[in-house]
1. Scan segment 75-124 residue by residue and report those that are under 26 Å from ASP23 (Cβ atoms), modelled with pLDDT of 90 or more and of a type in the set (D, E, K, R).
2. Among GLY211, GLY225, which is part of a loop (DSSP other than H, G, I, E, B), on the phi > 0 side of the Ramachandran plot and either surrounded by fewer than 19 Cβ atoms within 10 Å (Cβ to Cβ) or in the same structural domain as LYS105 (by TED's automatic domain parsing) (or both)?
3. Would you be able to tell me the number of residues in segment 310-330 that are of a type outside the set (A, V, I, L, M, F, W, C), touching a Phe, Trp or Tyr at 6+ places or on another chain (Cβ under 7 Å) and either under 16 Å from VAL357 (Cβ atoms) or in contact (Cβ under 8 Å) with a residue 60 or more places away in the chain (or both)?
4. Within the group ASN52, ASN71, which residue is within 20 Å of ARG132 (Cα to Cα) and assigned by TED's automatic domain parsing to the domain that holds TYR123?
5. Restricting to segment 276-334, name every residue that is surrounded by 18 or more Cβ atoms within 10 Å (Cβ to Cβ), touching a His at 6+ places or on another chain (Cβ under 8 Å) and among the small types (Gly, Ala, Ser).
6. Take the conditions loosely packed, with under 14 Cβ neighbours inside 10 Å and either under 19 Å from TYR36 (Cα atoms) or free of Cβ contacts under 8 Å to residues at least 40 places away in the same chain (or both) and apply them to LYS79. Does it pass?
7. Considering segment 182-208 alone, what residues qualify as being closer than 25 Å to ILE278 by Cβ, surrounded by fewer than 22 Cβ atoms within 10 Å (Cβ to Cβ), aliphatic (A, V, I, L, M) and in contact (Cβ under 8 Å) with a residue 60 or more places away in the chain?
8. Can you tell me which of GLY111, GLY117 is under 23 Å from ASP157 (Cβ atoms), assigned by TED's automatic domain parsing to the domain that holds GLY225 and in contact (Cβ under 8 Å) with a residue 40 or more places away in the chain?
Amino acid sequence: MDKHFTKYFDKHTIKIGRTVRSDIKMVIPVYLEEDYLFKTINSVYESIRNTNLVLELILVFNYSDQDTEENKARQHALKRQVELDLISDQPQLQMTLLEDYDIPKKHAGVGHARKTGMDYAAYCFAKVQDTRGIICSLDADSSISDNYFNEVQDAFDTEGADVATIYFEHPIGGDFDDDTYDAIAQYELHLRYYLQALLFSGFHIAIHTVGSCFAITADAYVRAGGMPRKQAGEDFYFLQKAIQLGKVSRINSCCVYPSSRISDRVPFGTGPSVNTIINSGEEYLTYNLQAFIDLKEFLAIKDQLYQITEDAIDDFVHQLSGRMRSYLVNSDFFRVLQNINSNCSSLKVFKKRFYEVFSAFRVVKYLNYTHAHFLEKTPVFDASLSLYEMMTEESPDVFENSELLELYRQLEK
């Protein structure tokens, strides 16, 4: 077994099911998903049957040690139903059902379940020496386009990706009421605005961090330290580590369709945000565009920080807005920067290592700081329209969140 895998599995206990040989493994956490799971599995099957690949679909049924007996019974019943109805002899679709039961409440949740499934997937690939085996992450209430697996395979086998994010669209019409679809349009617009604002600022790698919309090689997974056991945000923390390890692809030629439903299962994310928008009756507020304009000015002159002396720091920060200056001076940025500078032999090395200091985590800290002290958040429609006009030098004739969202979707396609 490769040394990276040996080191990882020496530290992590793996829930072993049967060992299945496959080209791709897809992990889906399952918690009380009677209304969605079977539609999701059918969608996965329709996509894999359009390929010459073999897929292992790994369903991780989970609950905490403090969950209700009713919920535990529902989970057991759903697992039995899958075993009875959906285990088939289809050679392209092999299914593995893992149990992630009675997990301590402080650890239980989607992060722990995703980790359980992805650890198992990486272990199976390691056993057959397939370090570049592809692990996909999906949610139990999401469907995928028919070309999903073909496009994912192409990104990894042809383009040499180590990690990939996959284009997504929440349905904004159908089974729910108009308020729900307007809320999901606002939240997805916020996600796309944030991505485009980071690209506008010049941030080195701007990606969506959606748990149902990424894929990674087994080797990159273990080198990134595996999925964290967080109850929310596990996708953000994991992907920010993973993208530092190799080639990143943005697959925009296929699509994941996450559910637009309201949910309170996690403390933050799509479901809770939609719920908050509906209950408040107010527009969703996002980061002020001015914060990204300030960030752009900073990143444009970041190379001046290479081997900067303490005496020169004051001159450097006075080139920036007061907002950015305040954040840099009042955070630990320059202390950490000094550690990086002392280990950089050239500007080329510094350019690469700079983003170890000014990472996506620090961008969030900067945005929260500047909005706490200087700027007010802005309705997502207003901020997104302003950024769109700035980037394209066009003034689109749009009035609805869904209309502006469609323009942002086209930017990514």
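The values are calculated or read from the model by the stated rules, or taken from the named source; none is laboratory data. These figures come from a predicted structure and were not determined experimentally. FYI the Cβ positions are ideal-geometry reconstructions off the backbone, even for glycines, and counts take in every protein chain you see.
1. Result: LYS79, GLU83, GLU99, ASP100, ARG114, LYS115, ASP119.
2. On the way: GLY211 fails: on the phi > 0 side of the Ramachandran plot.
Step by step, each of GLY211, GLY225 is checked, and only GLY225 is part of a loop (DSSP other than H, G, I, E, B), on the phi > 0 side of the Ramachandran plot and either surrounded by fewer than 19 Cβ atoms within 10 Å (Cβ to Cβ) or in the same structural domain as LYS105 (by TED's automatic domain parsing) (or both).
3. Here is the first cut: in segment 310-330, the ones of a type outside the set (A, V, I, L, M, F, W, C) are 310-311, 314-315, 318-319, 321-323, 325-327, 330.
From what is left, the residues that are touching a Phe, Trp or Tyr at 6+ places or on another chain (Cβ under 7 Å) are 323, 327.
From what's left, either under 16 Å from VAL357 (Cβ atoms) or in contact (Cβ under 8 Å) with a residue 60 or more places away in the chain (or both): 327.
Count: 1.
4. Details: ASN71 fails: within 20 Å of ARG132 (Cα to Cα).
Just one listed residue meets the conditions, ASN52.
5. ALA291
6. Values: loosely packed, with under 14 Cβ neighbours inside 10 Å: no; either under 19 Å from TYR36 (Cα atoms) or free of Cβ contacts under 8 Å to residues at least 40 places away in the same chain (or both): yes.
Here the answer is no, as LYS79 does not meet what is asked.
7. The answer is LEU195, and nothing else.
8. Numbers: GLY111 fails: under 23 Å from ASP157 (Cβ atoms).
So the residue among GLY111, GLY117 that is under 23 Å from ASP157 (Cβ atoms), assigned by TED's automatic domain parsing to the domain that holds GLY225 and in contact (Cβ under 8 Å) with a residue 40 or more places away in the chain is GLY117.
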